[in-house]
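Visitor: Let me begin by handing over the structure; questions about it come next.
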Amino acid sequence: MTASALTRPGERDRLSVKITQIDWRLLVLLCAIAGMGAAMLYSVAKGSWEPWAAKHLIRFAICLVIMLGLSMVNLKWWFHLAYPVYFLALLMLAAIEIPGLGYTAMGATRWLNLGVTRIQPSEIMKIALVLALARWYHGATANEARFHWKLIFPVLLIGAPFALVAHQPDLGSAMLLGLTGAAIMFAAGLSWKVIVAAGGAAVAGVWPFIQFVMHDYQRNRVLTFLHPEADPSGEGYQIMQSKIAMGSGGLLGKGFGLGSQSQLEFLPERHTDFIFAAVSEEFGFVGSFGMLLCYLGVILIALRIASLSHSHFGRLATAGVTATFALYVLINGAMVMGLAPVVGVPMPLMSNGGTVMLTVMIGFGLVMATRVHRYVELPKGHGLF
Amino acid sequence: MSSEPSIFFSDVNERQGSFLRRTFVLGGLTGLGVLGLTARLGQLQVVQAQEYTTLATANQFNFRLVPPPRGIIRDRDGVIIAGNRPSFRVLVVRDETKDLDQTLDLLGQLIPDTLERRRGIIRDVNAAPRFSPVPVKSDLSWEEFAKVNLYANELPGVMADMHETRFYPHGGAFAHVVGYVAKVSDRDIKAVRDKGEEPSPLLYNPGFRIGRQGVEAALDEQLRGEAGGQRVEVDARGRVVGEDPENSRPAVPGKEVVLTLDADIQNRALEVFGEESGGCVVMDVRNGDILAMVSAPSFDPNLFVSGVPSNIYRAWADYERRPLLDKAIYGTFPPGSTFKMTTALALLDAGIDPKERVVCTGGYFFGNRTFRCWKRGGHGAMDMHNAIKNSCDTYFYHLCNRAGIDRIARVAEDLGFGHTYEIGIAGQSKGTVPSTKWKREYTEATSWDDDPTWYPGETLSVAIGQGALSVSALQLAVMASRLANGRKAVQPRLIRSVDGQPYTEAKFPDLPFSDEHLDIVRAGMAAVANDRTGTAYRASQLGLGDILMAGKTGTAQSRDYKAGESRGPRNAVWSRRDHALFVAFAPHDAPRYAIALIIQHAPAGGAADAAPKAREVMRVALLKDPDMRARIERPLPPEPESGPIEDEGAAPPPPEPTAAAPEPTPAEPTPVAPQDQTGPQPYLSEPQ
């Protein structure tokens, strides 16, 4: 609990010092991605700020302020609030199941009705799960993290929200939660033997999962992904049109606002899940590769921040947020390129939609807080607070 | 808040070291993922870019087929026989509708009668290829058209447009010869494929119609024109957002076809049939132009354009008078006495003196049976002129074997029987001209009669136009034209020009008959129509001054009569009555027009039924000819052959035949003879 010998006590807690600790490269990259998103939303609205682009920018500005605000919050507060936030989020997920409290749209009950507004607890859970797991591992030994009966706790922490979200049903979010949890367990030092065994079990379980657990529309998505030509006007249509948009963009693209697939509305969901295909069409291989590099840059910088943290909590929380972000990017990318089934996973910071942006920016608030407070020492132990 | 240090430094370091290694792996995995995505991007955007660009262009641009207007068919004066008229229609594209049922509900509120046909519409729409518009109703009123357009936004997948539809202003008059157009069927597509060609996309156009019969079918290719293409930019919902005139090309209209037919004569010819069934052909004897070619009863070809309601089609198909059959060129009938000119020419050809007389006592005993003349009491002594005038069967029975069946057959073929003609449309029957060769081949081909020998008794039947002989109305008209022309073996011609280019060049061979012989036959025909004792005297008076007709009546049995059976023509069942025929040309002194008219199962005989009808048609043909008009309007020389005026009266049929009247009822092979002796003789009672 001693501060670094290089600094005077209390010096690091001063706001002016904290602000200098913000990672500007990360900030610039995030702004660039969001700016590109706004430009594409402007383009796919046929050169109009309405209905998406302007709102996207305003929303990002608000989220940016929130992120910067959160980055000033001492890591110990994140640490202390980890379990309470997790259980609150779990409570809300459970509350959805109570008739009258859950709000149903498009066949899925994903929203919690609070009277004045509706919130999506699965989004809160994405941050809360990361915090809770980081908190748990913070108190665990290397051996316990490797292979120990106590690992039942992190598995439960992951399993409970996974089950509730999958039941909504929201396969995309459930998958993100599960994979994020797995990534944290991996980063915390899970034994390779367990990893191999779990991986094997997962592969073996894919078929029964598709056959017995999935809803019809979900199964159709998977089947369509495997045989897109079988249904060229329905589910397969989206994948096909997305590939046409990307492929026809060629090396350098058709030019800003000139993509026929996105401008003439052949590209489905071009303002949300398929916005990356619009980028590819209008800016070509060069543009879309550049976007991927931006995302990769964000991910690597965030992992670097994780590795710099003095606290295990900070490391794992940052790694978890990064994993979530990376999963968003990779899954969405694979989906629009026809490498994965159409699951409703947006491209973070580019796709139109407030909830995911808020989640991601809160996540980066945590990352930034880890960076700013990388020297903070956190208490050990298994207490709840 | 807990906390004594429960973890040793070594453990902390171990945790941190492990985390760093694992983070490195995670970063590597992410990098790999991004690399994988990049590779996929490269595959899509660099390797397959061309392919996807093509697909994107296919999405973005549509070639809209611009259907060509079908060529117009005109008569010899330019009157439109088959034209096009604008029509508003509403179309449905299944894959653009959100919910077909709901869309049809809405459409039903705008156009109520689509509700009644709803099941059929759903079947059509579902049978159509994806994204191809299916016409749901044509001939919308302006109000309906405007309504559909007004509600276009609430009716995705429904559109209304204006197109051209085929129109036959004369209704049934040209139904058989000009034919009609109808929807393209799978069989049409298959026929094109069988020829090894790829069906033109035009065939799949919802408004396109293909020629199905007559001229429409025969000249379909010329009438069809060439489809144009309009390159338009469309959005995902198929709405046109832009046009590309540089890459569009206009449709080439179908070629105009001019026929030799005359709408006035044709209309009159159908009219005179009334309820009766039969065929009529009018020809110009100088050049073979067919001025009228009618089959009665007829049908309305306009109904085929939008699709014949099945109940109407059934009614047509089931009606015993067969409106759908072409009785002018497809149906064949025994010619009866109208064949006697042929026999007479054969007799002359055989060197028989036309002055030679045969005494008719009402029949002729030959072999072991009596061949009866139509006139029970007999005609008395007959030379050739009188035998034609009176249609005396006995005369021909008596002399025919001196000419022989093969000579008769040769003359018949020279006069035009037993052939089909290059008139440009399909569906002609050859008919049958019996000869010894024919019988040999016929018996070889059928097991009906094993004896291939021709018996002289059979010649007797053929000589009076019965037996196995069968001819079409067109062939009878050709015969009359050739007799009238005298010099050239005129060939019938139906299509005058296509796109202004003459369709066929008329080059006729010479007729192998001497003027002398022809004059005898023609004089006989003139006497039939103009001698007071001719078989068709009263029915043949044109009332056009000194323009007179020369003709020949015929009454042909449609079946065998059993011994002692009364044919009772007036009250017999329709299908058991005799056919009535009449052939004629006019003016008899300088022939221009020839006509042949057949009434299937007529109530009376050729003179009573067919001749007055033919006269009416002939009058129209003559009155339309300016030379004839000039001749009629010229003051008459003071000695007309007869007083035709009191006989005039177009509307009421002449109070012709009483039982006592000179009613021609030819050839009654007495049923005394055993059937096998006459050879293959069942008369083709039904045109098949």
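Visitor: Net charge around B:L203, counting only other residues with Cβ within less than 12 Å of its Cβ (Lys, Arg = +1; Asp, Glu = -1)?
Guide: +1
Visitor: Give me the number: length gained by fully extending B:D499 to B:N62, i.e. 0.36 nm times residue separation minus the C-alpha to C-alpha distance, one decimal in nm.
Guide: Using 0.36 nm per residue and subtracting the Cα-Cα distance, I get 154.1 nm.
Visitor: What residues does segment B:22-44 have that are buried by at least 40 Å² of accessible area in the full protein assembly compared to the chain on its own, 1.4 angstrom probe?
Guide: Buried by the other chains: B:R22, B:T23, B:L26, B:T30, B:V34, B:L37, B:T38, B:R40, B:L41, B:L44.
Visitor: Something else: Taking chain A as a Gaussian network, Cα atoms linked when under 10 Å apart, which of A:A108, A:A54, A:A188 shows the biggest mean-square fluctuation?
Guide: It is A:A108.
Visitor: In addition: Of B:I423, B:L110, B:A445, which is farthest towards the positive pole of chain B's charge dipole, taken about the Cα centre with +1 and -1 on the beta-carbons of Lys, Arg and Asp, Glu respectively?
Guide: In chain B, that residue is B:A445.
Visitor: Between the alpha-carbon centers of segment A:52-117 and segment A:296-315, tell me the distance in whole angstrom.
Guide: Answer, in whole Å: 23.
Visitor: Measure off 7 Å from each Cα along the Cα-to-Cβ vector at A:H148 and A:A204, then give the distance between these two points in nanometres to one decimal.
Guide: It is 2.8 nm.
Visitor: Once you sort the root eigenvalues of the Cα gyration tensor of segment B:357-411 as a ≥ b ≥ c, which label holds: rounded (a/c under 1.5), prolate (a/b larger than b/c) or oblate (the other case)?
Guide: Note, shape of segment B:357-411 comes out oblate.
Visitor: Can you tell me the FRET efficiency between B:R532 and B:D300 if r is taken as the Cβ-Cβ distance and R0 is 51 Å, rounded to the nearest 0.05?
Guide: Efficiency for this residue pair is about 0.75.
Visitor: Could you check how much of the accessible area of chain B is carbon and sulfur, as a whole percent, using a 1.4 Å probe?
Guide: On the way: 15780 of 30120 Å².
With neighbouring chains kept in place, the figure for chain B is 52 percent.
Visitor: Let me have the 222 nm mean residue ellipticity of chain A computed from DSSP H runs of 4+ only, each contributing -39500 (n - 2.57), with the sum over all residues rounded to the nearest 500.
Guide: -21500 deg cm²/dmol
Visitor: Students often get this wrong, so check it: of B:K552/B:K613; B:K195/B:K507; B:K327/B:K430; B:K389/B:K624; B:K355/B:K439; B:K137/B:K183, which have C-alpha atoms separated by over 24 Å? The partial results should precede the final answer.
Guide: On the way: B:K552/B:K613 13 Å; B:K195/B:K507 33 Å; B:K327/B:K430 13 Å; B:K389/B:K624 29 Å; B:K355/B:K439 32 Å; B:K137/B:K183 14 Å.
In this structure, B:K195/B:K507; B:K389/B:K624; B:K355/B:K439 exceed 24 Å between Cα atoms.
Visitor: Right, something else. With a Förster radius of 41 Å, plug the Cβ-Cβ distance of A:S48 and B:D77 into 1/(1 + (r/R0)^6) and report the FRET value to the nearest 0.05.
Guide: My answer for the efficiency is 0.05.
Visitor: Roughly how many debye, to the nearest 20, is the charge dipole of chain B about its Cα centre, given +1 on each Lys and Arg Cβ, -1 on each Asp and Glu Cβ, and no other charges? Don't skip to the answer; put the middle values down first.
Guide: Details: 78 positive and 88 negative charges, 108 e Å.
Approximately 520 debye in magnitude.
Visitor: If eta is 1.002 mPa s and T is 20 °C, what Stokes-Einstein diffusion coefficient results for segment A:47-372, Kirkwood Rh from Cα pairs, in µm²/s?
Guide: Stokes-Einstein gives a translational diffusion coefficient of 103 µm²/s.
Visitor: If you average the sequence gap of Cα pairs under 8 Å that are 6 or more apart and divide by the length of segment B:263-678, what percent do you get for the contact order?
Guide: Once divided by the residue count of segment B:263-678, the mean separation gives 21 percent.
Visitor: For B:F167 and B:I189, what is the calculated FRET efficiency with R₀ set at 25 Å and r taken between the beta-carbons, to the nearest 0.05?
Guide: 0.50
Visitor: Run the dipole for chain A about the Cα centre, Lys and Arg Cβ at +1, Asp and Glu Cβ at -1, nothing else charged, and hand back the magnitude in debye, nearest 20.
Guide: The calculated dipole for chain A is roughly 1240 debye.
Visitor: Inside 10 Å of the C-beta atoms of B:58-71, what's the mean count of C-beta atoms belonging to other chains?
Guide: 1
Visitor: Can I ask one more? Using alpha carbons only, how many angstrom separate the centre of segment B:326-356 from the centre of segment B:488-558?
Guide: Cα centroid to Cα centroid, the span is 13 Å.
Visitor: Of B:I595, B:F371, B:I329, which is farthest along the charge dipole of the protein assembly as shown in the positive direction, counting Lys and Arg as +1 and Asp and Glu as -1 at C-beta?
Guide: Toward the positive end, the furthest listed residue is B:I329.
Visitor: Let me ask something else about it. I need the chymotrypsin sites (Phe, Trp or Tyr not before Pro) found in segment B:99-161, filtered to DSSP loop residues with at most 16 other beta carbons within 10 Å of theirs. Display every interim value, and only then the final one.
Guide: Working: sites: B:F131, B:W142, B:F145, B:Y151; in loops: B:F131, B:Y151.
Within segment B:99-161, the qualifying chymotrypsin sites (Phe, Trp or Tyr not before Pro) (loop, at most 16 other Cβ atoms within 10 Å) are B:F131, B:Y151.
Visitor: Sticking with this structure for a sec: Would you mind calculating the relative contact order of segment B:189-244 from Cα pairs under 8 angstrom and at least 6 residues apart, reporting the percent as a whole number?
Guide: With pairs under 8 Å counted, the relative contact order is 16 percent.
Visitor: Toward the positive end of the charge dipole of the protein assembly as shown, about the Cα centre and with charges on Cβ (Lys, Arg +1; Asp, Glu -1), which of A:H80, B:Y313, A:A198 goes farthest?
Guide: A:H80
Visitor: On a C-alpha basis, how far is the centre of segment B:586-612 from the centre of segment A:186-223 in Å? Whole number, if you could?
Guide: Value for the Cα centre distance between the two parts: 94 Å.
Visitor: Please report, as a whole percent, how much of the solvent-accessible surface of chain A comes from carbon and sulfur atoms (probe radius 1.4 Å). Don't skip to the end; give the middle numbers.
Guide: On the way: 10980 of 15580 Å².
Here it works out to 71 percent.
The values are calculated or read from the model by the stated rules, or taken from the named source; none is laboratory data. Model, not experiment: these values are computed from the prediction. When we count neighbours, we look across all protein chains shown, and the Cβ atoms used for this are built from the backbone with ideal geometry, even at glycine. The area values use the complete protein model at the heavy-atom level, side chains included, leaving out ligands, DNA and RNA. Shrake-Rupley method; radii C 1.70, N 1.55, O 1.52, S 1.80 Å.
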